[in-house]
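One structure is given here, and the rest of the page talks about it.
The values are calculated or read from the model by the stated rules, or taken from the named source; none is laboratory data. Just so you know, these numbers come straight off a predicted model, no measurement behind them. Note that each Cβ is placed from the backbone with ideal geometry, even for glycine, and that neighbours are counted across all protein chains shown. When the accessible area is computed, the model is the full protein with side chains, heavy atoms only, and any ligands, DNA or RNA have been set aside. Shrake-Rupley method; radii C 1.70, N 1.55, O 1.52, S 1.80 Å.
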Amino acid sequence: MRILFLVEDENNETASNLITAFKCNQDVARVDVISYFSHQANQCKITAKKGTPALFYKNKLYSPLDYDGALLWSWGTADIGRKYLRIFEDSGVTVLNSSYTTEVTDSKINFTKELQKNNIKTPKTAFFETTLSIHSIGTIEEKLGLPPYVFKSDYGTQGSGIRFASSAADIAIFSKELQGNKSDHQAFLVQQFIGDYAEPIFHYRVFVIGDEVLPKAIKITAQTLLTPSNIAKGGDVDFIEINTSLKNLALKATKTAHLAVAGVDIMVAGHKSLGDAVVIEVNDGAGTKTFDRYGLKASEKVAAFFMNEVEVKYSIANQQIMGF
């Protein structure tokens with residue numbers, strides 16, 4: 001089987017681990033890697049081969065006709081990566097997490113609404129989808145209760161775009177700053193604060209692969225008060241055993257997201273029991289490196305899962321061709 005891997009930086013530890021896992025998988029004959037965005041610049045062009053859209057990268061054409069599977073791992077350039085992955089997906093190549101699905105999960109506003117629609121617990125949330133909606137900031141306390149609040153830009157990764165507000169006035173300031181950054185993404189949401197604001201925040205990252213979850217979840221705790229609990233922001237890492245409550249919540253959230261592989265971020269209201277847990281995000285390009293370091297072999301399991309998906313689709317296609 002021939003696999004194409006689209007990644008921002010193949011030297012990133014997660015990307016490197018995943019690439020190695022695919023290369024070591026016995027069902028993989030070839031792995032080609034495209035670092036589509038490096039040095040803050042786009043490295044690919046969309047072209048065509050035999051009338052089929054293809055990618056041109058480092059003086060070579062990469063066509064859907066040459067691959068059985070393709071996957072994208074992205075941390076900050078998902079819009080660009082999806083555009084490239086879609087060339088292969090629309091041509092019938094098996095992909096790991098559809099580019100159409102991740103368009104929804106990457107938007108904090110759209111996916112929080114999707115979770116709520118499916119009766120999955122989330123923090124109380126106020127949505128601000130246009131600059132005009134800033135006028136309703138005064139109703140925050142009525143919607144969410146007393147501060148502090150969590151301000152999140154609609155799009156962000158690795159803890160970026162998250163700030164903590166001690167009042168509705170802070171939210172007004174944050175929103176004006178967001179509108180002044182010349183980004184296309186100026187929508188935001190405000191959520192109730194989960195946890196004890198006198199203690200560092202923590203959340204759990206549960207890694208889902210198909211219908212299974214890794215047996216341990218990462219517990220990530222912020223180093224200081226009112227800062228995001230994120231590994232990229234220097235959060236402290238510990239591991240906990242997965243219980244039935246966490247497992248079921250993570251699986252339900254992942255299925256709601258229509259993802260095959262995901263990292264589900266879960267917080268516990270008031271630092272109480274896991275029965276009070278709420279889903280914060282479902283990440284389609286979740287990091288495997290911390291799980292790998294702990295010996296949980298996340299990258300290997302992702303590769304094995306995906307190759308099974310490719311094999312199943314390949315077998316079905318062959319049966320159809322042969323008339324079975």
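Among the residues making up segment 64-73, those that are under 25 Å from the mean Cα position of the chain (by Cα) and either open to solvent by 40 Å² or more (accessible area, probe 1.4 Å) or not hydroxyl-bearing (S, T, Y) (or both) are P64, D68, G69, A70, L71, L72, W73. Each residue in segment 5-35 was checked for being under 20 Å from the mean Cα position of the chain (by Cα) and without any contact (Cβ under 8 Å) to a residue 24 or more places away in the chain, and 3 pass. Does segment 51-63 include one or more residues that are at pLDDT 95 or above and under 26 Å from T256 (Cβ atoms)? There is no residue in segment 51-63 that is at pLDDT 95 or above and under 26 Å from T256 (Cβ atoms).
A222 meets each of the listed conditions (1) surrounded by fewer than 17 Cβ atoms within 10 Å (Cβ to Cβ); (2) free of Cβ contacts under 8 Å to residues at least 60 places away in the same chain apart from (1). Residue count for segment 195-246 under the criterion of being in contact with a helix residue (DSSP H, G or I) (Cβ under 7 Å, 6 or more places away or on another chain) and basic (K, R): the result is 0. When segment 74-103 is limited to residues that are of a type in the set (A, V, I, L, M), touching a residue at least 40 places away in the same chain (Cβ under 8 Å) and within 22 Å of A253 (Cβ to Cβ), the one that is surrounded by the most Cβ atoms within 10 Å (Cβ to Cβ) turns out to be L96. Restricting attention to segment 171-200 and to residues that are in a helix (DSSP H, G or I) and open to solvent by 50 Å² or more (accessible area, probe 1.4 Å), the residue that is modelled with the lowest pLDDT turns out to be Q179. Reported count of residues in segment 156-170, each being at pLDDT below 90 and touching a helix residue (DSSP H, G or I) at 6+ places or on another chain (Cβ under 7 Å), is 3. When G156, G138, G145 are checked against the criterion of being in contact (Cβ under 8 Å) with a residue 40 or more places away in the chain and loosely packed, with under 14 Cβ neighbours inside 10 Å, G145 stands alone in meeting it. Restricting attention to segment 233-256, the residues that are at pLDDT below 95, under 23 Å from K117 (Cα atoms) and open to solvent by less than 40 Å² (accessible area, probe 1.4 Å) total 1.
The criterion of being farther than 26 Å from L72 by Cβ, of a type outside the set (A, V, I, L, M) and within 19 Å of the chain's Cα centre (by Cα) holds for K219.
Each row is one residue, and each column tells you yes or no for (1) within 17 Å of T112 (Cα to Cα); (2) in contact with an Asp or Glu (Cβ under 6 Å, 6 or more places away or on another chain); (3) open to solvent by 20 Å² or more (accessible area, probe 1.4 Å).
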site: T227; (1), (2), (3): no, no, yes
site: I231; (1), (2), (3): no, no, yes
site: G263; (1), (2), (3): yes, no, no
site: D276; (1), (2), (3): no, no, yes
site: D284; (1), (2), (3): yes, no, yes
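If we scan segment 115-132, do we find a residue that is buried (at least 19 other Cβ atoms within 10 Å of the Cβ) and over 13 Å from V190 (Cα atoms)? Yes, because at least one residue in segment 115-132 is buried (at least 19 other Cβ atoms within 10 Å of the Cβ) and over 13 Å from V190 (Cα atoms). Here's a check for you: in segment 36-63, which residue that is open to solvent by 10 Å² or more (accessible area, probe 1.4 Å) and in contact (Cβ under 8 Å) with a residue 24 or more places away in the chain is farthest from Y155 (Cα to Cα)? Step by step, filter segment 36-63, then rank; the result is T52. All conditions in (1) closer than 15 Å to V302 by Cβ; (2) at pLDDT 95 or above; (3) in contact with a Lys or Arg (Cβ under 9 Å, 6 or more places away or on another chain) hold for V28, with the sole exception of (2). Of all residues in segment 40-90, those being among the basic types (K, R) and under 20 Å from G285 (Cα atoms) number 3.
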